[in-house]
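K.L.:
The structure's right below; bear with me while I get my questions together.
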Amino acid sequence: MKKTMINHYTDKEALDFHKNKKPGKIEIISSKNMTTKRDLALAYSPGVAAPVRAISENPETAYDYTSKGNLVAVISNGSAILGMGNLGALASKPVMEGKAVLFKRFADIDSIDLEIDSSDSDEIINSIKNFATSFGGINLEDIAAPDCFFIEQKLKEILDIPVFHDDQHGTAIITTAALINALDISGKSITNVKIVVNGAGASAQACTELFKNSGVPHENIIMLDRKGVIYKGRPSGIDQWKSRYAVDTKFRSLEEAIKGADVFLGLSAKGALKKELVKTMAKNPIIFACANPDPEITPEEINSVRNDAIIATGRSDYPNQVNNLLGFPYIFRGALDVRSKTINEEMKVAASQAIAKLAREDVPDEVVAAMGGERPHYGKDYIIPSTFDPRLISEIPAAVAKAAMDSGVSRKNIDDFDIYKDQLKQRLDPTVTIMQGINSYIKKNQKRIVFADGEDENTLKAAIAFKNSKLGTPILVGKEKKIKEQIKKIGFNENFDIEIVNSMDETKRKKYVKHLFKKLQREQGLLERDCDRLVRNDRVVWATSMVACGDADGAVTGNTRRFGASLEKIKQVVDVRNGEIMFGLNMVVHKGKTIFVGDTSVHEYPTSEQMAEMAISTARVVRLFGFDPKVAFVSHSTFGQPLTSRTKHIRKAVEILKEKKVDFEFDGDMQPDVALNSEYKELYPFSNIVGKANILIMPGQHSAAISYKMMKTLGDTKVIGPLLIGLGLPIEIAPLRSSTSEIINLASIAAYSADVIDYKNS
């Protein structure tokens, strides 16, 4: 089975990913309730007649009564798919679906992919013109040059909605942002720099155009294609598009053009720039080697001949990645929010400046948490923000929207940009950001994580993905023959390099038996042979013993048995941390709002004291994830109405926290809707928690488990956990039938916990 070396997965895994559950990556769901006959009557006939008449009388009201204002068409003819070439419209559909997913994930923009089976530019233009009225914006993708230039230009002339070819302008915006900061750091002026652009395709031309619009004089930019320098009077190989970048120059080759150059922008091919040429560049050169997947020259090669260069590439494994994800979702977000007629040069420049500005600002703690504990500082290795930076969603759209308003292309104005930025922040999926940050951290702090259910297919896939994503070193517990059969089944070579352990390892087994016997001989009256039987026959005990005896840093288990059964085995090997309470905590995300729910899995009816301790422990954990903890003790009652024995129980927990003078906000008793809905604030103005809680301490395990499982099953809700809080070692239990991604998340959290929590002093 073919393996993709860059992304570390097999073709079968990629095919299974796109096939399983529902084929493809997108679906359409209703934004309104459709539960009653009345709902249906309002949604369709006869209620739909009202917005139809309104739109007929005033087309602008389509933005008020339909999804048009948040809907982007992602369009391709498949003539230039991801560097793979012209493979046809239908073959481009997985890529376009992926683009639609990115729009949703990063900017909460709904997208529909449309693949046009034509190589005729006029036919493509006419097709888009005829259906464009349904959309708020058009994103062109993977269309070969020069057709992409002509198509975009004509559509901009015809349509009154944003038209954006990301292959061109997305790259240009990010590259320009990087250039602005690189020039600042190197002490060079944008009006005086000499720039060499190696490559003359769509991206190179768009970058050059935006450089000029940002202040670089036309004559200061030399562009090269496969035939050399594009100069005025060149007898061949210059079309109407390239001719715009021809300059008066005696230079004919890259060797000649790059001597004394301040900036090299490569959008060409691997190896196009040699070390010898780098030596000839000006002092403090700026080198953007953006060819994918391999740059024109590697940072290592540059650093071997000079140490004063500022370097950017298109790769994530080097600093300063030029990644279009920093641009297109947020640019469209800002354009849509002001109902812009176009995306003009002013908006592109504003986006570049906003991106550049973010890199210069001090990175706040919540961003550090989202980036895995890394606090970057403005300089040679940090000239553009990370794609993990949650500030992107609020800063770039706001800058783009303002530029649209100032340049007169908006149909709607934003009155208060502070309120607008807060609204933008709410669109972000915090869970994804959190997990990206955790994964970024553990990649730099590698841990050995045991996957106890090594023979289970989903667990095995998770372990392989954990290894291939370089999140840490996985260890599988199980029978070697069976695991290798499973490895082969999912598309890898059966000799895939992954550690497999089991009780056949006599040395380890004796060590684990000794540890367990020492712990349980008095605690449970077990004999050594009883402990040997436990270690030999139970993979959870074995995995937990590996962590307890220092042969691994953390573990994940549970996918093949009940949570309680796994917990009982773990508790035989590991104690609760000193002075703490052990409980289950779930991270629940719904429509951009994250809440933490406990206790979901351990204490049936926690005491007031236990509830108070849960609140303290949860607040500590939530801070590790980058949140400011706000604790609500939830109940069937709100501030004593109605007053029952259980209500008194909960209110006592609140009083305990008051006595302890904790450093986070809390309140209760209150119903969950009061805790989470700001509409109730005016009814209870005395509480700082009403409408703002992000931690719900539940009155019982039953209510906690019912609540989160119901939300997970019925709603568009993401759940991570339950996380075992208070256990003496970093071990997590995956619920029955957990997906591969759910198991990976728990493994990552175990690895993260192993490094940030001091278990030795527990």
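The values are calculated or read from the model by the stated rules, or taken from the named source; none is laboratory data. Source: prediction; values computed, not measured. Reconstructed Cβ throughout: ideal geometry from the backbone, glycine too, with neighbour counts over all protein chains shown.
K.L.:
Name the residues in the stretch 414-473 that are closer than 30 Å to ASP551 by Cβ, modelled with pLDDT of 85 or more and hydrophobic (A, V, I, L, M, F, W, C), would you?
P.N.:
If the condition is that a residue be closer than 30 Å to ASP551 by Cβ, modelled with pLDDT of 85 or more and hydrophobic (A, V, I, L, M, F, W, C), then ILE442, ILE449, VAL450, PHE451, ALA452, LEU460, ALA462, ALA463, ILE464, ALA465, PHE466, LEU471 are the ones that fit.
K.L.:
Another question, if that's okay. Could you pull out the residue among GLU60, GLU152 that is under 17 Å from ALA335 (Cβ atoms), loosely packed, with under 14 Cβ neighbours inside 10 Å and not assigned by TED's automatic domain parsing to the domain that holds GLY314?
P.N.:
After ruling out the rest, the residue left standing is GLU60.
K.L.:
Please work out if LYS482 is farther than 14 Å from ARG539 by Cα, part of a helix (DSSP H, G or I) and modelled with pLDDT under 90.
P.N.:
no
K.L.:
Name the residue that is surrounded by the fewest Cβ atoms within 10 Å (Cβ to Cβ), counting only residues in the stretch 125-147 that are of a type in the set (D, E, K, R) and under 29 Å from ASP225 (Cβ atoms).
P.N.:
ASP147
K.L.:
Looking at PRO295, is it at pLDDT below 95 and not small (Gly, Ala, Ser)?
P.N.:
The answer is yes for PRO295.
K.L.:
Still on this structure, please answer the following. Whether any residue in the stretch 426-445 is closer than 24 Å to ALA107 by Cβ, charged (D, E, K, R) and assigned to a helix (DSSP H, G or I) is what I want to check.
P.N.:
no
K.L.:
What is the one condition in (1) touching a helix residue (DSSP H, G or I) at 6+ places or on another chain (Cβ under 8 Å); (2) surrounded by fewer than 17 Cβ atoms within 10 Å (Cβ to Cβ); (3) not charged (D, E, K, R) that GLN423 does not satisfy?
P.N.:
(1)
K.L.:
Among the residues of the stretch 184-202, what is the count of those that are in a helix (DSSP H, G or I) and surrounded by 24 or more Cβ atoms within 10 Å (Cβ to Cβ)?
P.N.:
Adding up the residues that qualify gives 1.
K.L.:
Looking only at strands (runs of 3 or more DSSP E) that lie completely in the stretch 95-168, which have at least 2 residues being within 28 Å of SER243 (Cα to Cα) and at pLDDT 95 or above?
P.N.:
137-140
K.L.:
Are there any pairs with C-beta distances below 9 angstrom linking a residue in the stretch 117-143 that is more than 17 Å from GLY85 (Cα to Cα) to a residue that is among the polar types (S, T, N, Q) and outside any loop (DSSP other than H, G, I, E, B), with the two at least 6 apart or on different chains, and if so which?
P.N.:
Listed by first residue and then by second, the contacts come to GLY136/ASN70; ASN139/SER111.
K.L.:
Within the stretch 533-548, can one find any residue that is outside any helix (DSSP H, G or I), in contact with a strand residue (DSSP E or B) (Cβ under 8 Å, 6 or more places away or on another chain) and either touching a residue at least 60 places away in the same chain (Cβ under 8 Å) or assigned by TED's automatic domain parsing to the domain that holds THR717 (or both)?
P.N.:
no
One line per residue, one yes/no per condition, for (1) crowded, with 19+ Cβ neighbours inside 10 Å; (2) within 15 Å of HIS169 (Cα to Cα); (3) not assigned by TED's automatic domain parsing to the domain that holds GLY379:
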{"position": "ASN303", "(1), (2), (3)": "no, no, yes"}
{"position": "ASN307", "(1), (2), (3)": "no, no, yes"}
{"position": "ALA312", "(1), (2), (3)": "yes, no, yes"}
{"position": "PRO329", "(1), (2), (3)": "yes, yes, no"}
{"position": "GLY334", "(1), (2), (3)": "yes, no, no"}
{"position": "VAL338", "(1), (2), (3)": "yes, no, no"}
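K.L.:
When you look at ASN688, is it surrounded by 20 or more Cβ atoms within 10 Å (Cβ to Cβ), within 22 Å of ARG620 (Cβ to Cβ) and among the polar types (S, T, N, Q), yes or no?
P.N.:
Spelling it out, it is not the case that ASN688 is surrounded by 20 or more Cβ atoms within 10 Å (Cβ to Cβ), within 22 Å of ARG620 (Cβ to Cβ) and among the polar types (S, T, N, Q).
K.L.:
Something else now. Please tell me if VAL556 is among the hydrophobic types (A, V, I, L, M, F, W, C), more than 30 Å from the chain's Cα centre (by Cα) and either modelled with pLDDT of 85 or more or surrounded by 14 or more Cβ atoms within 10 Å (Cβ to Cβ) (or both).
P.N.:
No.
K.L.:
Could you tell me which numbered condition ASP406 fails, if it satisfies all but one of (1) farther than 30 Å from SER741 by Cβ; (2) modelled with pLDDT of 95 or more; (3) surrounded by 19 or more Cβ atoms within 10 Å (Cβ to Cβ)?
P.N.:
(3)
K.L.:
Please tell me if THR175 is touching a residue at least 24 places away in the same chain (Cβ under 8 Å) and under 30 Å from LYS341 (Cβ atoms).
P.N.:
Considered against the rule, which asks whether it is touching a residue at least 24 places away in the same chain (Cβ under 8 Å) and under 30 Å from LYS341 (Cβ atoms), THR175 comes out as yes.
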